[in-house]
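Structure record follows, encoded as structure tokens.
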Amino acid sequence: MLVVMQEGASETQIENVIDRLVEMGFTVHRSTGVRHTVLGGVGPKDDFDPAELEVLEGVKECHRIVSAYKLASRHFRPGGTVINIRGVDIGGPTLVCMAGPCSIESAQQIEKAADIVASAGARVIRGGAFKPRSSPYSFQGLGEQGLELLRKAADRRELLVISEVMDQTQIPLLAQYSDILQVGARNMQNFNLLRELGKIRKPVLLKRGIAATIEELLLSAEYMMSGGNYEIMLCERGIRTFETSTRNTMDIAAMPVLKRLTHLPVIADPSHGTGRREYVVPMARASVAAGADGLLVEVHHDPDHAWSDGAQTLRPDQFAEMMQQVRAIAGAIGRAA
Ligand code: PEP
Ligand code: MN
């Protein structure tokens, strides 16, 4: 249930509608836009007459939402969500690039990565300290020690940090070191983890599962939002199809589809989306052209010796060139670059 209040509706009128919704059994989420206050009611039933609410003072319109997700729906915040993290806007006019190695390997490696990222103009550094590897024998990450190295390297260059949280017990640790918590593709439907992330007030980047539909991705975002954490960004990182030429099939159409269905910022990860270095830059360009609000890309000073995902990791020169190209594309489609 979505109730859009009239422009200039008074606080008393808004409170009155909230009280009525609560009486009807709804949990109410309030969004204050530039013109209108929108009340999202998550409730036990969707089968009553919206007119019952439309007649209340100060109400402009009321919609029954048939889609399973409500808070993640574009209707909830038609103007879109901008997540501001220490001066960096994600989801606003400026394209935001997050880049760095797949895994944090050493102080020397992450310092070099931070130089590459900052000098090319990206604002966020990535690096996994807890790695969801397909094989239990592969490198699993440096853990807290890695997070410390990543945070130091980021702070020296005023970069934000994004790093993956693999289970709920790691949330306090990740929240201490990282500005954005990444939920990996394999965890997109780890509902216990999502519920716990709904309780914190830290931005989360939610990756699309390898076989997840867009609706399932949005429902996973809804899990966190229904707990009160509205700072969610969604990440298209390729899905599994019958095609074997690329590691995954990058769903470029997910960008405009998500922009239509949800107000949440959309980030594209062409590294995991293709699995091959030579395809990453073209897919990054395509993603920006298709409307992505940002990119998440793997880069390393020596990708051929990276401890994980080397084949899809850009060299510094390729990364710098990509940054220039995506900026030009962003400018061409009316975004700031
Ligand atoms: C990663 O970002 O390094 C990663 C493991 O991503 P995904 O969850 O998309 O596979
Ligand atoms: Mn990786």
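Structure notes:
- Residue that is nearest to Q140 (Cα to Cα) [pool: residues in the range 80-111 that are more than 16 Å from ligand 2 (Cβ to nearest atom) and charged (D, E, K, R)]: E111
- The residue list R86, R77 contains one member that is crowded, with 16+ Cβ neighbours inside 10 Å, closer than 30 Å to V288 by Cα, touching a strand residue (DSSP E or B) at 6+ places or on another chain (Cβ under 7 Å) and of a type in the set (K, R), which is R77.
- For first residues located in the range 124-142 and more than 18 Å from H300 (Cα to Cα) and within 12 Å of ligand 2 (Cβ to nearest atom), partners that are at pLDDT 95 or above and not in a loop (DSSP other than H, G, I, E, B) and lie 6+ apart or on another chain with Cβ distances below 7 Å form the pairs P132/R186.
- Test set (1) of a type outside the set (D, E, K, R); (2) surrounded by 15 or more Cβ atoms within 10 Å (Cβ to Cβ); (3) at pLDDT 95 or above - T12 fails condition number: (2)
- In the range 18-46, residue modelled with the lowest pLDDT [restricted to those that are under 25 Å from I214 (Cα atoms) and in a loop (DSSP other than H, G, I, E, B)]: D46
Yes or no, residue by residue, for (1) within 16 Å of ligand 2 (Cβ to nearest atom); (2) surrounded by fewer than 19 Cβ atoms within 10 Å (Cβ to Cβ); (3) on the phi > 0 side of the Ramachandran plot; (4) in a loop (DSSP other than H, G, I, E, B):
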{"position": "L296", "(1), (2), (3), (4)": "yes, no, no, no"}
{"position": "A311", "(1), (2), (3), (4)": "yes, yes, no, no"}
{"position": "F319", "(1), (2), (3), (4)": "yes, no, no, no"}
{"position": "Q325", "(1), (2), (3), (4)": "no, yes, no, no"}
{"position": "A328", "(1), (2), (3), (4)": "no, yes, no, no"}
{"position": "G334", "(1), (2), (3), (4)": "no, yes, yes, yes"}
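- Residue match in the range 102-114 (condition: over 13 Å from A153 (Cα atoms) and either within 15 Å of ligand 1 (Cβ to nearest atom) or part of a loop (DSSP other than H, G, I, E, B) (or both)): yes
- Residue match in the range 152-172 (condition: over 30 Å from S67 (Cβ atoms), buried (at least 24 other Cβ atoms within 10 Å of the Cβ) and within 13 Å of ligand 1 (Cβ to nearest atom)): yes
- Close pairs from the range 101-112: first more than 14 Å from V124 (Cα to Cα) and of a type in the set (K, R), partner more than 15 Å from ligand 2 (Cβ to nearest atom) and modelled with pLDDT of 95 or more, Cβ under 8 Å, at least 6 apart: K112/H301
- When S220 is tested against (1) farther than 25 Å from A118 by Cβ; (2) surrounded by fewer than 24 Cβ atoms within 10 Å (Cβ to Cβ); (3) among the hydroxyl-bearing types (S, T, Y), exactly one condition is not met: (2).
- When we screen G227, G209 for residues that are in contact with a helix residue (DSSP H, G or I) (Cβ under 6 Å, 6 or more places away or on another chain), within 13 Å of ligand 1 (Cβ to nearest atom) and free of Cβ contacts under 8 Å to residues at least 40 places away in the same chain, the only hit is G209.
- Where a residue in the range 1-29 is under 23 Å from G79 (Cβ atoms) and free of Cβ contacts under 8 Å to residues at least 40 places away in the same chain and its partner, wherever it lies, is exposed (fewer than 15 other Cβ atoms within 10 Å of the Cβ) and acidic (D, E), with Cβ under 6 Å and at least six apart: none
- Restricted to the range 118-139, and to residues there that are of a type in the set (S, T, N, Q) and at pLDDT below 95, the residue that is surrounded by the most Cβ atoms within 10 Å (Cβ to Cβ) is S138.
- Of the helices (runs of 4 or more DSSP H) lying entirely inside the range 188-284, those carrying at least 2 residues that are touching a strand residue (DSSP E or B) at 6+ places or on another chain (Cβ under 6 Å) are 214-226, 254-261.
- Annotation: I214 fulfils all but one of (1) of a type outside the set (F, W, Y); (2) free of Cβ contacts under 8 Å to residues at least 60 places away in the same chain; (3) buried (at least 19 other Cβ atoms within 10 Å of the Cβ); the unmet one is (3).
The values are calculated or read from the model by the stated rules, or taken from the named source; none is laboratory data. In this text the structure is predicted, and so the values were computed from the model without any measurement. Please note: Cβ atoms are built from the backbone with ideal geometry, for glycine as well, and neighbour counts cover all protein chains shown.
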